[in-house]
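A quick write-up on the structure given underneath.
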């Protein structure tokens, strides 16, 4: 130990070393971010668990069994994501995402501005249940022919090209499984005994997603008004009707229905999530090869974030870090603005999940140490961190959807910076607004 | 993109070489183009590119060359583990059936372009073959997306290749 901080236990120092290591590795990406997550769990097991190398018998710290750290890999929220991944990958396999896109785009007519709105709504709906990246990639295949049919100088080409990644980033906040930062935040809340039902999350976050979608639409149209009057969409394509495909459609509908009605029947979303995994594999709609192709590294990434939160809480590190700053001079809204602003800025440069993983332990301990108001305060700051992390869409490196859009060459980075910054700032203001006028009344 | 993917053009007639390179110049910003006028020179270039840890994504090769002929060179590349991944195209007016069959069977020839060619035809073939190469051999296809078949690359990402949510 090179440095020693008064008031911080030995375990706290070790947890801090792990936290700093994770922060540095995640920031500089010297090793893949999912690999840093596994390293976090590995070091926790060796350094902080009851079965680890360090003898804690003479100090106050009561080490957790190592199973607690490795159990993060099968945390309920991870199982929920696993269910979501299986549904999403099976949808891709049977082109359900494309069929749904064709169906949902139909009512949007032929005026470019409404077509852009339609594209954004479809993207957001899909990305609320599938990965933002896969949704963006699919929608890129939809907009390439559209853009090809527009005049070369039409500003709306930029609007179309940016509408997809922006809508995908925004759509991710709408449900717990929309994007990984939601998982990290929900898991951290669960550890404090605060359960977040699928439907409750949607009640908190979907309204803000809808408003932001409209905001993004207006911003894009104002900055890049369409010159064309009419645009026809080619919505040809067939719904797959094989037995396996139909099993998928039914399973998909049933799972989503059970998820969004969790508040009514009370069956936990992570339990419901096992149903598509079981049904789709037993019916061979989803086979061994498909299982191997699931994005397991995303689950690792989330697990590492959850584990980091556990050690910071258990060793008292999070509380110590929070208490070393005198927060009393900050007002309630200032605190939320600070966390939201930091999350927004950080996640423009770092992975959204990493941002949430680094900030949420601190945010939660603000609530537990009495600086925020109990469960509602904890919930609010959790939402602020998760949503702000997802509203970061200024640069190509901010999110994979942004990177894909820029890589197509259909839009320049400078256009993304302008509209992404406006959307980010409005998003943050809206989050803060929600935390005074909406969430306090429903939490 | 430290590791570059090269396009190699082998053609002994300077005019023809020029016009091939001119036709495919839209790829050059992302895929540097190297030129050789004999199989021997091509071998040296290949060695140099590989020694610098770069790759050869595509070779456009004439058949009739002074010294070793084009098919000879392609078969040789196919037998080398590193260059067997390179997409191989014959661009020629004079390869006989026997040699062409050999190029298909032994060099995994991907395309035969007979002279004279249309610019669009050449550009399309180059785009498709480089897209093949990138999707098979590169972990992150995004940096190449702009000059390649974006739809195919997007489809690849949709199916779980390349980047994922983070």
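Every number in this text was worked out from the coordinates using simple rules, so none of it is lab data. All values reported here derive from a predicted model rather than from experimental measurement. No Cβ is skipped: glycine too gets one built from the backbone with ideal geometry, and neighbour counts run over all protein chains shown.
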Per the 1/(1 + (r/R0)^6) rule, R0 = 22 Å and r from the Cβ atoms of residue A:240 and residue A:264, FRET efficiency to 0.05 is 0.10
Inverse of <1/r> over all distinct C-alpha pairs of the protein assembly as shown, i.e. the Kirkwood Rh in Å, gives 26.4 Å
Dividing the helical contributions, -39500 (n - 2.57) per DSSP H run of n ≥ 4, by the residues of chain B yields a 222 nm value, nearest 500 deg cm²/dmol, of -13500 deg cm²/dmol
Subtracting the Cα-Cα distance of residue A:58 and residue A:46 from 0.36 nm times their residue separation yields 2.5 nm
Sorted on mean Cβ neighbours within 10 Å (highest first), peptides A:184-194, A:159-169 come out as A:159-169, A:184-194
Once residue A:27 and residue A:253 are pulled to full extension, the length gained, defined as 0.36 nm per residue separation minus their Cα-Cα distance, is 77.5 nm
For the residue A:106, residue A:418 Cβ pair and Förster radius 30 Å, calculated FRET efficiency rounded to 0.05 is 0.40
Inter-chain shielding metric for B:147-159, i.e. average beta-carbon neighbours from other chains within 10 angstrom, reads 6
Listing A:240, B:98 by rising number of other beta-carbon atoms within 10 angstrom, fewest first, gives B:98, A:240
Expected integer from the mean partner chain Cβ neighbour count at 10 Å over A:400-407 is 5
With the 8 Å Cα cutoff and a minimum separation of six or more residues, chain B has a relative contact order in percent of 20 percent
For B:6, A:332, ascending order of other Cβ atoms within 10 Å (fewest first) is A:332, B:6
Contour minus Cα-Cα span, residue A:438 to residue A:203, at 0.36 nm per residue, comes to 83.6 nm
A correct fewest-to-most ranking of A:235, A:372, A:359 by other Cβ atoms within 10 Å would be A:235, A:372, A:359
Both in Å, the radius of gyration and Dmax of the C-alpha trace of region A:257-306 are 13.6, 36
Length-normalised contact order of chain A, Cα under 8 Å, at least 6 apart, in percent, tallies to 22 percent
Output field shielding_mean for A:343-355 (other chain Cβ, 10 Å radius) holds 1
Here FRET efficiency (C-beta to C-beta, residue A:373 to residue B:3, R₀ 51 Å, nearest 0.05) is 0.40
So, with points 7 Å from each Cα along the Cβ direction, the residue A:292-residue B:41 label distance in nm works out to 4.5 nm
Computed Rg/Rh for region B:5-138 (Cα atoms; Rh = Kirkwood radius) stands at 0.92
Under the 7 Å Cα-to-Cβ spin-label approximation, residue A:211 and residue B:51 lie apart by a distance in nanometres of 6.5 nm
Note to self, chain A gives a 222 nm [θ] from helices alone (DSSP H runs n ≥ 4, -39500 (n - 2.57) apiece, / all residues, nearest 500) of -22500 deg cm²/dmol
Inter-part gap, Cα centre of region A:170-240 to Cα centre of region B:124-162, in whole angstrom, is 28 Å
Most packed first (mean Cβ within 10 Å per residue), the peptides A:77-87, A:256-266 order as A:77-87, A:256-266
